[in-house]
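The values are calculated or read from the model by the stated rules, or taken from the named source; none is laboratory data. All values derive from a computational prediction rather than experimental measurement. Counting neighbours? That spans all protein chains shown, and the Cβs are built from the backbone with ideal geometry, glycine included. Heavy atoms of the whole protein, side chains included, go into the accessibility calculation; ligands, DNA and RNA do not. Shrake-Rupley method; radii C 1.70, N 1.55, O 1.52, S 1.80 Å.
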Amino acid sequence: MPSDLKPVDAAKDRRKIKSVRRMKEIMTAYYIDAKTASDTGKKVAWITSGGPVEPLIAMDVIPVYPENHGAMIGAAKMGVDLCEKAEAMGYASDLCAYARADIACATEDGGPIGGLPRPDMLICCNNICGTVLKWYEVQARYFGVPLFILDTPFTHTEYSPAANQYVRAQLVEYLSFLETHCGKAFDRDRLTEVGRLSVAGQKLWQAVLHTTTHRPAPMSAFDAFFHLALIVTLRGTQTVVDYYTELLAEMETRVAEGISAVPEERFRLLWDNLPVWYRTRWLAEKFAGHGACLVADTYTSSWCGAMPYLDESDFLGSMAEAYSRIYINLGTDLMADMVVEMVSTYRADGLVIHSNRSCKPYSLGQYDIQRIVQERCGIPSLMIEADMTDARNFSESQIETRIDAFMEMLATGCSPRSRPFP
Amino acid sequence: MISVGIDVGSISAKAAAMEDGRLLGSRVLLTGYNAGKAGRAVFEALLAAVGIAADRVGPIVATGYGRNSVDVAHKAVTEITCHAAGAQFQNPAVRCVIDIGGQDSKAIALDGGGRIKDFAMNDKCAAGTGRFLEVMARALEVDLDAFGDLSLAADQPAAISSLCTVFAESEVISLIAKGERRENIIAGIHRSIGARVVAMAKRVGLADPLMMTGGVAMNIGVVKALEEKAGLPVQVSPYAQVNGAIGAALIGAGMG
Ligand code: SF4
């Protein structure tokens, strides 16, 4: 009977996050703005996902993120086709799928949005990996545009004063690079204002993520993967602050009303590494089917993880440290410390590790992190092998068996809630 | 009450019937291309072999990679949980299970209280699985069933270092071309499986008593290679191949 079915749909409807619509509008407007930049006389800079975007915003340059585009390509299930094209061009299949997809896409304006707008300049920060260096060099040659490289030394165990000096000096060069290529003077007051908005946006993003410490969690990491796009792309703008204020309010309402991301949350899991973009729905349903909510992840929290190092009153000065000490630019021990802290903050019952064929710097050290977390938190972990965008590295039946077995193990294991925390 | 476990693997489908903690019988068939069909066929073959009518059977639990395609089953449980249950039924003290099946191999650590502590499975490559042995048997033109005994006659196992099935196959072919004794090549193949699987088991915790389950356990050469690498005796149950099905039947009976 239809009347019997209604309550089920209503519950599902209640669980839907309403802000999604607004987010889609903002992202659409952003891409239209970027794609029409040449008509409106604005400049476009392609920038790596961990790169310092604030100076671009301060100079009214539209930042465009090939990695965000790579995620869209993955989610649209267009990754395999573009990766194959890059391979036919001579790129190794071992190269990061974002790089492959972007390089191939640029030659044919393919992908879900008909390619990215042509860049006027490229900003490459190697705080995420070394791949981006060669990738951006390739694109700089292809488009014949200037490339700025910001070299952020790896933080093995500590961040040295020498490293700080080195990165700060480059940031000053970055500003003059922008002055040269935008043909106007850099407005430092404007940067202070953008910096203030950037910090405000990051604080709000952190607060949004933090709402999942509530049991049951009002959103899951799968939702975070989606809502992340703004803090990555438009950090330092009022739009971001407004949007996350709205999203935070919605999450707080959900907590108050007891609306959870997963219908019956029995297990709380922590996700490590990038999402599997072409399989987020399948994975979300798989985990939810076991009553498991991925309450947090190391990936989306990277865009607020370096906040302790940011100083609003000296934004430019503190950027060096904040951009050097992001999660993926840390040694394994420091990464493990952060995971252990997250397990405790989010009261996770288990850790799900995505060993990502594309992203070597993120996947290196995962066995050690797994062992450290097991030793220090006493929680079990699961490793699944896949790739964020190249679906050829995803084996459904193998991954399904691993997840099912892991959940069976958690279901019969010791009561997750009685486990001691570090 | 009679319960049945059906384990549909990539190469063979196994079924076992249990009654009050006693194994009534078991059956093994080739899976073929249709997992659902294989599940039904092995179930019917089991009923015929044990001589019971379908309506006398209580809970039926399916496992193995084809577990979700077995329509006669009431429940699907992964092979990890089933192999652990089957192994513990055969030896309650068991602390580590190594299962090598057709398309994957796994290591399961048990906490001694009947629970799984951790598990690991091979990565995507077929190296360290039954399929790997099949490929090698073809390259060597030897019947797979003879592998175990032949390897015992090795005087100096050949070194096979590739971690990839395809590369290992070409290594084997070049060893053949060099005139290396077949027995030594086969022993080398077993050693490479042993090394790979033991490394995986160490990640979850290699412990005594260690039991090997799955069809590959019938190959004495692999068992010996595992013992050598693990430095521990390896128990092999006479029911190794149907261990997953036994575990599934036990889970069905609420005993797993
Ligand atoms: S290797 Fe990793 S960090 Fe580098 S571009 Fe690819 S996904 Fe991003």
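Assuming R0 = 45 Å, what is the FRET efficiency of B:Lys75 and A:Glu84, from their Cβ-Cβ distance, to the nearest 0.05? Each step should come with its number before you reach the end.
On the way: r = 40 Å, r/R0 = 0.90.
Working from the Cβ atoms, E equals 0.65.
Name the long-range amide H neighbours of A:Met383: under 5 Å, sequence gap of 5 or more, or other chain; modelled H, no Pro or chain starts.
For A:Met383, whose amide H was placed from the backbone, the distant partners under 5 Å are A:Ile353.
Does anyone have the angle between helix A:238-257 and the longest principal axis of chain A? Alpha-carbon axes, 0 to 90°, nearest 10?
Helix A:238-257 and the main axis of chain A meet at about 10 degrees.
Given q = 0.10 Å⁻¹, what are the Debye log10 I(q)/I(0) values for chain B, with equal point scatterers placed on the Cα positions and solvent ignored?
With one equal scatterer per Cα and no solvent, log10 I(q)/I(0) is -0.47.
Just the number, please: buried accessible area between B and A, total of both chains, 1.4 angstrom probe, nearest 100 square angstrom. Kindly include the intermediate steps, with their values, before the conclusion.
Values: alone 11180 and 17630 Å², together 27220 Å².
Interface between B and A: roughly 1600 Å².
Would you work out which of A:Thr300, B:Leu206, A:Ser38 lies farthest towards the positive end of the dipole of the protein assembly as shown, given +1 charges on the beta-carbon of Lys and Arg and -1 on that of Asp and Glu, about the Cα centre?
Result: B:Leu206.
Percent of accessible area on the protein assembly as shown owned by carbon and sulfur, 1.4 Å probe?
Details: 14340 of 27220 Å².
Carbon-and-sulfur percentage of accessible area, whole number: 53.
List the residues of segment A:395-412 whose accessible area drops by at least 40 Å² when all protein chains are present, compared with their chain alone, using a 1.4 Å probe and counting only protein heavy atoms.
In segment A:395-412, residues shielded by partner chains: A:Gln398, A:Thr401, A:Arg402, A:Ala405, A:Glu408, A:Met409.
Quick one: compute a quarter of the convex hull surface over the Cα atoms of chain A and quote it in nm².
Details: hull surface 85.4 nm².
If you wrap the Cα atoms of chain A in a convex hull and average its projections, you get 21.3 nm².
Principal axis lengths of segment B:93-236 from Cα atoms, whole Å, largest first?
51, 29, 21
With a cut-off of 8 Å between alpha carbons and a minimum separation of six or more residues, what is the relative contact order of chain B in percent?
Rounded, it is 25 percent for chain B.
For chain A, take the longest principal axis of its alpha carbons; what is the angle in degrees between that and the long axis of helix A:66-75, to the nearest 10 within 0 to 90?
Long axis of A:66-75 versus the principal axis of chain A: about 30 degrees.
Kindly work out what percent of the DSSP beta bridges joining two residues of segment B:93-236 are antiparallel, to the nearest 5.
Values: 10 of 17 bridges.
Restricted to segment B:93-236, the bridges split so that about 60 percent are antiparallel.
Give the relative contact order (percent, whole number) for chain A; include only Cα pairs under 8 Å separated by 6+ residues. Walk me through the numbers on the way to the answer.
Values: 677 pairs, mean separation 74.1, N = 422.
In percent, rounded to a whole number, it is 18.
Quick one: net charge around B:Leu232, please, counting Lys, Arg +1 and Asp, Glu -1 for every other residue with C-beta under 12 Å from its C-beta. Walk me through the intermediate numbers first.
Numbers: positive: B:Arg95, B:Lys202, B:Lys229; negative: B:Asp208, B:Glu227, B:Glu228.
Taking every Cβ under 12 Å from that of B:Leu232, the sum is 0.
Quick one: Karplus J couplings for segment A:47-52, per residue in order, coefficients 6.51, -1.76, 1.60, θ = phi - 60°, nearest Hz, x for Gly and Pro?
Per residue, the Karplus-derived 3J(HN,Hα) values read 9, 6, 4, x, x, x Hz.
With every protein chain left in place, what is the accessible area per residue of the protein assembly as shown in square angstrom, probe 1.4 Å?
Numbers: 27220 Å² over 678 residues.
Result: 40 Å² per residue.
Counting Lys and Arg as +1 and Asp and Glu as -1, each charge on the Cβ, what is the dipole of chain B about the Cα centre in debye, to the nearest 20?
Details: 24 positive and 25 negative charges, 91 e Å.
Dipole of chain B, to the nearest 20 debye: 440 debye.
From the residues A:Leu175, A:Ala58, A:Thr245, which one has its Cα farthest along the dipole of segment A:13-412 in the positive direction, the dipole being from +1 and -1 charges on Cβ of Lys/Arg and Asp/Glu about the Cα centre?
A:Thr245
With axes computed from alpha carbons, what is the tilt in degrees of helix A:396-412 against the longest principal axis of chain A, rounded to the nearest 10 within 0 to 90?
Between the helix axis and the principal axis of chain A, the angle is about 50 degrees.
Beyond 25 Å, what share of the Cα-Cα pairs of segment A:214-324 is found? Please give it as a whole percent. Display every interim value, and only then the final one.
Working: 1866 of 6105 pairs.
The answer is 31 percent, as a whole percent.
Roughly how large, in nm² to one decimal, is the mean projection of the convex hull of the alpha-carbon atoms in segment A:90-178? All intermediate terms of the calculation are to be shown ahead of the outcome.
Values: hull surface 28.9 nm².
Across all orientations, segment A:90-178 yields a mean hull projection of 7.2 nm².
If you place +1 on the Cβ of every Lys and Arg, -1 on the Cβ of every Asp and Glu, and leave all else neutral, what size is the dipole of chain A about its Cα centre, to the nearest 20 Debye? Before the final figure, lay out each step's value.
Values: 42 positive and 53 negative charges, 129 e Å.
Here the size comes out at about 620 debye.
Which one of A:Gly317, A:Phe267, A:Gln366 is farthest out on the positive end of the charge dipole of chain A, using unit charges on Cβ (Lys, Arg +1; Asp, Glu -1) and the Cα centre as origin?
A:Phe267
Determine the shielding of peptide B:71-83 by partner chains: average, over its residues, the number of Cβ atoms on other chains within 10 angstrom of each Cβ.
On the way: counts 0, 0, 0, 0, 0, 1, 3, 10, 3, 7, 7, 2, 1.
Mean shielding by partner chains, rounded to a whole number: 3.
Listed here are the pairs B:Lys75/B:Lys117; A:Lys85/A:Lys286; B:Lys75/B:Lys202; B:Lys106/B:Lys224; A:Lys16/A:Lys77; which of them are more than 26 Å apart at the Cα? Write down the numbers at each step before the final one.
Working: B:Lys75/B:Lys117 23 Å; A:Lys85/A:Lys286 31 Å; B:Lys75/B:Lys202 31 Å; B:Lys106/B:Lys224 18 Å; A:Lys16/A:Lys77 23 Å.
Listed pairs above 26 Å: A:Lys85/A:Lys286; B:Lys75/B:Lys202.
How long is the gain from A:Val20 to A:Ser176 if the chain were fully straight, where each residue apart is worth 0.36 nm and the alpha carbon distance is subtracted?
Difference between extended and current length: 52.3 nm.
Relative contact order (percent) for segment A:91-212, with alpha-carbon contacts under 8 angstrom and 6 or more residues of separation?
On the way: 81 pairs, mean separation 20.2, N = 122.
Reported relative contact order: 17 percent.
Short version: ³J(HN,Hα) in whole Hz for each residue of segment A:184-196, in order, from phi by Karplus 6.51 cos²θ - 1.76 cosθ + 1.60 (θ = phi - 60°), x for Gly and Pro, what are they?
Result, rounded to whole Hz: 8, 6, 7, 9, 5, 5, 5, 4, 4, 5, 4, x, 4.
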